[in-house]
Every structure is written in C-alpha cells, then in structure tokens.
Amino acid sequence: MAKVAFKMKLMPGFKDEYQRRHDVIWPELSALLKNYGISDYTIFLDEETNTLFAVQQQSGETSSQDLGENPIIKKWWAYMADIMETNADDSPVSQPLKKVFHLD
C-alpha cells in the first residue's frame with residue numbers, strides 16, 4: 001500500500017465553506033474512492049497560506065487526482081471550483097509532494 005501526499009489551494013475566506021462541504025461528503029464519492037483502493041484520506045489546512053495538504057493510502061496505482069474522467073469526480077470538481085484554485089476542467093490545481101521522512 002502506498003501513501004501519497006499532494007497540496008491544493010483554497011481561495012481566501014472559504015475555510016468554513018470547504019469544511020461544510022466535506023462534512024457532508026457525497027456517499028457516491030466516498031464509495032468511488034474506496035472502490036479504487038483509496039483510503040485513510042485526510043486533508044489539512046494551513047490557514048496562513050490557504051494551502052490544503054492531503055494524504056491518502058492507495059492500494060493500487062490510482063490517486064484521487066487520477067479519476068478526472070469519472071462523472072462523479074467531474075461533478076465534485078465543478079461543485080468545489082468556486083472555492084479552490086482550479087484548472088480549466090475544474091480539477092483542483094494540485095502538486096504531488098515528495099516524501100522526505102517517515103516514522104512508524
């Protein structure tokens with residue numbers, strides 16, 4: 001199982017709205033991620049920079065950021081596009097992060 005991390009950017013002033021939308025995550029989105037082997041998915045917010053830091057376990061080769069052709073993902077990205085930095089297709093601008101240390 002691989003652990004991957006990436007960062008995204010939240011628009012200023014949308015911390016509470018981002019939290020609210022994730023508090024009621026769509027069941028079909030959760031099921032889709034789990035079906036692709038994505039688990040233990042956590043997102044943190046650096047409030048000084050509005051940087052979102054995400055970490056997830058992957059049992060396969062697929063990250064949540066690789067599912068952009070799925071209609072549920074496209075719908076979620078469109079739903080989140082007004083409060084995040086996004087690409088032209090509404091996908092969040094995200095950067096993979098390199099692991100430099102791990103302690104079990």
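The values are calculated or read from the model by the stated rules, or taken from the named source; none is laboratory data. Since the structure is predicted, the reported quantities are computational estimates derived from the model, not experimental observations. Note that each Cβ is placed from the backbone with ideal geometry, even for glycine, and that neighbours are counted across all protein chains shown.
So is Leu103 over 19 Å from Leu10 (Cβ atoms) and surrounded by 14 or more Cβ atoms within 10 Å (Cβ to Cβ) or not?
So Leu103 fails the test.
Considering region 61-73, the residues that are without any contact (Cβ under 8 Å) to a residue 24 or more places away in the chain and over 13 Å from the mean Cα position of the chain (by Cα) include one that is nearest to Trp26 (Cα to Cα), namely Pro71. Can you pull out the residues in region 9-43 that are farther than 18 Å from Asn70 by Cβ and not in a helix (DSSP H, G or I)? Passing the criteria: Lys9, Leu10, Met11, Pro12, Gly13, Phe14, Val24, Asp40, Thr42, Ile43.
Please determine, by comparing only the residues of region 74-104 that are over 12 Å from the mean Cα position of the chain (by Cα) and aromatic (Phe, Trp, Tyr), which one is modelled with the highest pLDDT. Among those that are over 12 Å from the mean Cα position of the chain (by Cα) and aromatic (Phe, Trp, Tyr), it is Tyr79. Taking residues in region 44-55 that are closer than 15 Å to Gly13 by Cβ, and partners anywhere that are among the hydroxyl-bearing types (Ser, Thr, Tyr) and assigned to a strand (DSSP E or B), the pairs with Cβ atoms closer than 9 Å and at least 6 places apart or on different chains are Leu45/Thr51. Among the residues of region 76-96, the one identified as free of Cβ contacts under 8 Å to residues at least 24 places away in the same chain, surrounded by 14 or more Cβ atoms within 10 Å (Cβ to Cβ) and assigned to a helix (DSSP H, G or I) is Trp77.
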